[in-house]
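Notes to accompany the following structure.
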Protein chains: 2
Amino acid sequence: MSEQLLETAARIAEPDEAVSLDELRLAARNSGLPLEALRYDVTPLGMHYLLVHYDIPHVDLATWTLRVSGAVERELALSLADLRDRPRVTTRVTLECAGNGRARLLPRPVSQPWLDEAVGTAEWTGTPLAPLLAEAGLLPSAVDVSFTGHDHGIERGVEQDYARGLSVADATAPEVLLAYEMNGVPLPPQHGAPLRLVAPGWYGMASVKWLREISVLDRPFDGFQNTVAYRLKQGDEDGEPVTRIRPRALLQPPGFPDFMTRARVLDTGRHVLTGRAWSGMAPVARVQVSTDGGAEWHEASLGADEGRWAWRSWSFAWDATVPGPTVLCCRATDEAGNVQPVDQAWNRQGMASNLVQRVPVLVREAAH
Amino acid sequence: MSEQLLETAARIAEPDEAVSLDELRLAARNSGLPLEALRYDVTPLGMHYLLVHYDIPHVDLATWTLRVSGAVERELALSLADLRDRPRVTTRVTLECAGNGRARLLPRPVSQPWLDEAVGTAEWTGTPLAPLLAEAGLLPSAVDVSFTGHDHGIERGVEQDYARGLSVADATAPEVLLAYEMNGVPLPPQHGAPLRLVAPGWYGMASVKWLREISVLDRPFDGFQNTVAYRLKQGDEDGEPVTRIRPRALLQPPGFPDFMTRARVLDTGRHVLTGRAWSGMAPVARVQVSTDGGAEWHEASLGADEGRWAWRSWSFAWDATVPGPTVLCCRATDEAGNVQPVDQAWNRQGMASNLVQRVPVLVREAAH
């Protein structure tokens, strides 16, 4: 616990300041993908990253309804059964937290301290949002759509139910779902039961969990999470909104780990390095791998396309001939030409960082 | 990453040393119980604590067998189907990591940095171990039983498959299970699929995951995890083994949280504080609650007994009349007279710490 009970402003760590107990407390309760779970096309339940701003709320299904209100011709109140009776689709979606990589930035913005692991891919089942909004009847004045969850807390002095807004165009994109199942089972409590938004291609903050109300607005949404929290900025200016997921590749760390350092040990010889890559901005075009800490880059082979919103597997055969330490890296580029930076692109809230992963390994002489 | 690729010795943080990136990396991949999940009698999948020493291994079920070897009359090799054909029992068990609370110790032993959250309760389904060992036929020379998993790594310079030993008496206790289901579904990969040991009452290190071999020994088991890692010691002496879970109570934090500090905000008025308590040493006898940081203690009411190996609910009605900050604490005592300490009982590996939880809250005047 920091000396102040309540946070009043976002803070940047001093240059030599290690991780605080506040940050550790967040790391202990929010969970990342163990990187070896990159082996799965679909992340098994319990290994998908999870970020909860406040508490996981208890939602009583007996009284829960989803309200659709605001600038619509007909306000709606839907039960889960109503939603399940609507057209049903399942989409494989890679979600990533906008704060992924934050704890690797120098200086470090003080918040949930993700390194590389705030990602996961699930099969989300639900009903598309656009037809539901069409049935409610958007008024011509409609500008934004807000999504409010049951999770309640205080953040930089602002007490709130977690809420995010999307433009009408983004909210009515055909891929946007109201999801009630994850990997074929009802949503677990921690992933938003009974209903959450899933906005494919967007950083996870857009996919509001424990959804209770959708409100159509005749003005831009001005809630905390859009106007303050999820912004790209260098100082105290308003900055730009965080939106779609930037390209990123992650390597499934090869060999076996040291318990404490997580460095990898592997023998000389051929190692097929594999991993996943994704971008919410455009399909993945290429993945490159470096086995010498970024000095030289090699082209990886892309695996099958598993759909626009899912990560794509890749592989690269590495002949590890020289014993000793090295660093493995990988880097994704998407079809729009966005590429992961090798040097950090710092911003003061540590948002949307897609700095390349670095995996230290120790190559040892294979026994004969 | 620390400067050394491989850890060579356990380390204690300097008095003013904050959390390292190595510790953070462990916190990001191992996951704790979000404390609001104390509301559930049985922890939903994905919220149970999880500690993995090395990597979650990929176990091929087509070729997996459990071997029973060593000082037995008949060595055995069992498929999962063989194990499922055996007598089936389901037991509700609270498991806690022996390192729980480590990051609250001063000075802080450097390892997985748990605060209070390394616990969970599941319904484990499997077959009792004792009859299986009886069928194998323990030789009179049998002393210990070792359990070896498929997870492989290096720890303080010792390369190993994770393995733990139990005495014959402890291994053949009737509650010890070979578990293949958790909460009614096949074991998730991260919890030990396809088969794990569940040793109720013991800290989690005894419940070996991804089990591949059970070996009956005619000598004491001398593996790293018993003789080096899980020891209670002050310095470089051998110390005492970590065994059964010491009593602990945890409070489901009331009110709502501040995002960054996790401090709680609640209104003046009556709050029914609830939580869970457990001990692997003896049944829980009492739980006490303090609403003033430990100055005064009040008796909580215990809920129904859900079985010897499961945590027990408790509650205490608190009339919060004075606005301002305070600290909530709770403390369990078991029937053997073991009680949680209010001051830390330090040991150099940060094992089996059951220091009372402290939950900072800010009481505010309720709106009228």
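The values are calculated or read from the model by the stated rules, or taken from the named source; none is laboratory data. It should be emphasised that the depicted structure is a prediction, and the values quoted were computed from it without experimental measurement. Positions of Cβ are backbone-derived with ideal geometry, glycine not excepted, and every protein chain shown enters the neighbour counts.
Just wondering, is there one or more residues in segment B:281-301 that are out of contact with any Cys (no Cβ under 9 Å at 6 or more places or on another chain) and crowded, with 20+ Cβ neighbours inside 10 Å?
The answer is yes; a qualifying residue exists.
Are there any strands (runs of 3 or more DSSP E) wholly within segment B:100-188 with 2 or more residues that are of a type in the set (A, V, I, L, M, F, W, C) and over 21 Å from B:R248 (Cβ atoms), and if so which?
Those strands (runs of 3 or more DSSP E) span B:144-155, B:158-167, B:177-182.
Regarding segment B:4-14, can at least one residue be identified that is of a type outside the set (K, R), part of a strand (DSSP E or B) and either within 7 Å of chain A (Cβ to nearest Cβ) or more than 26 Å from B:G235 (Cα to Cα) (or both)?
No.
Quick grid of which residues meet (1) more than 22 Å from A:V52 (Cβ to Cβ); (2) hydrophobic (A, V, I, L, M, F, W, C):
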{"residue": "A:R102", "(1), (2)": "no, no"}
{"residue": "A:L106", "(1), (2)": "yes, yes"}
{"residue": "A:T121", "(1), (2)": "no, no"}
{"residue": "A:P128", "(1), (2)": "yes, no"}
{"residue": "A:E155", "(1), (2)": "no, no"}
{"residue": "A:Y162", "(1), (2)": "no, no"}
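Go through (1) assigned to a loop (DSSP other than H, G, I, E, B); (2) of a type in the set (S, T, N, Q); (3) closer than 24 Å to B:N183 by Cα and name the single condition B:Q234 misses.
Status for B:Q234: all satisfied but (3).
Applying the selection to segment B:350-368, what residues are crowded, with 22+ Cβ neighbours inside 10 Å, within 14 Å of chain A (Cβ to nearest Cβ) and assigned to a loop (DSSP other than H, G, I, E, B)?
B:G350
Within the bounds of segment A:35-45, is there any residue that is closer than 30 Å to B:V265 by Cα and within 14 Å of chain B (Cβ to nearest Cβ)?
Checked segment A:35-45: no residue is closer than 30 Å to B:V265 by Cα and within 14 Å of chain B (Cβ to nearest Cβ).
In the list B:R29, B:R104, which residue meets the criterion of being basic (K, R), within 30 Å of B:F256 (Cβ to Cβ) and without any contact (Cβ under 8 Å) to a residue 40 or more places away in the chain?
B:R29
Residue check, A:R246 against (1) touching a helix residue (DSSP H, G or I) at 6+ places or on another chain (Cβ under 6 Å); (2) of a type outside the set (S, T, Y); (3) outside any strand (DSSP E or B), all met but one. Which one?
All conditions pass for A:R246, except number (1).
In segment A:65-113, how many residues are over 30 Å from A:A13 (Cα atoms) and touching a helix residue (DSSP H, G or I) at 6+ places or on another chain (Cβ under 6 Å)?
4
Working only within segment B:157-180, note down all residues that are touching a residue at least 60 places away in the same chain (Cβ under 8 Å) and out of contact with any helix residue (DSSP H, G or I) (no Cβ under 7 Å at 6 or more places or on another chain).
The answer is B:G157, B:E175.
Being in contact (Cβ under 8 Å) with a residue 12 or more places away in the chain, within 14 Å of another protein chain (Cβ to nearest Cβ) and either of a type in the set (F, W, Y) or surrounded by fewer than 18 Cβ atoms within 10 Å (Cβ to Cβ) (or both) is true for just one of B:W124, B:W114, B:W64. Which residue is that? It would help to see each step written out before you state the result.
On the way: B:W124 fails: within 14 Å of another protein chain (Cβ to nearest Cβ); B:W64 fails: within 14 Å of another protein chain (Cβ to nearest Cβ).
Being in contact (Cβ under 8 Å) with a residue 12 or more places away in the chain, within 14 Å of another protein chain (Cβ to nearest Cβ) and either of a type in the set (F, W, Y) or surrounded by fewer than 18 Cβ atoms within 10 Å (Cβ to Cβ) (or both) holds for just one of B:W124, B:W114, B:W64, which is B:W114.
Considering B:W346, B:W311, which residue is outside the structural domain of B:N183 (by TED's automatic domain parsing), aromatic (F, W, Y) and surrounded by fewer than 19 Cβ atoms within 10 Å (Cβ to Cβ)?
The conditions single out B:W346.
Can B:D82 be described as more than 13 Å from chain A (Cβ to nearest Cβ), surrounded by fewer than 16 Cβ atoms within 10 Å (Cβ to Cβ) and outside any strand (DSSP E or B)?
So B:D82 passes the test.
Which of the residues spanning segment B:217-243 are basic (K, R) and either in the same structural domain as B:W346 (by TED's automatic domain parsing) or surrounded by 18 or more Cβ atoms within 10 Å (Cβ to Cβ) (or both)?
Once the filter is applied, which keeps residues that are basic (K, R) and either in the same structural domain as B:W346 (by TED's automatic domain parsing) or surrounded by 18 or more Cβ atoms within 10 Å (Cβ to Cβ) (or both), segment B:217-243 yields only B:R231.
Go through (1) part of a loop (DSSP other than H, G, I, E, B); (2) touching a Pro at 6+ places or on another chain (Cβ under 9 Å) and name the single condition B:D60 misses.
Tallying (1) part of a loop (DSSP other than H, G, I, E, B); (2) touching a Pro at 6+ places or on another chain (Cβ under 9 Å), B:D60 fails exactly one: (2).
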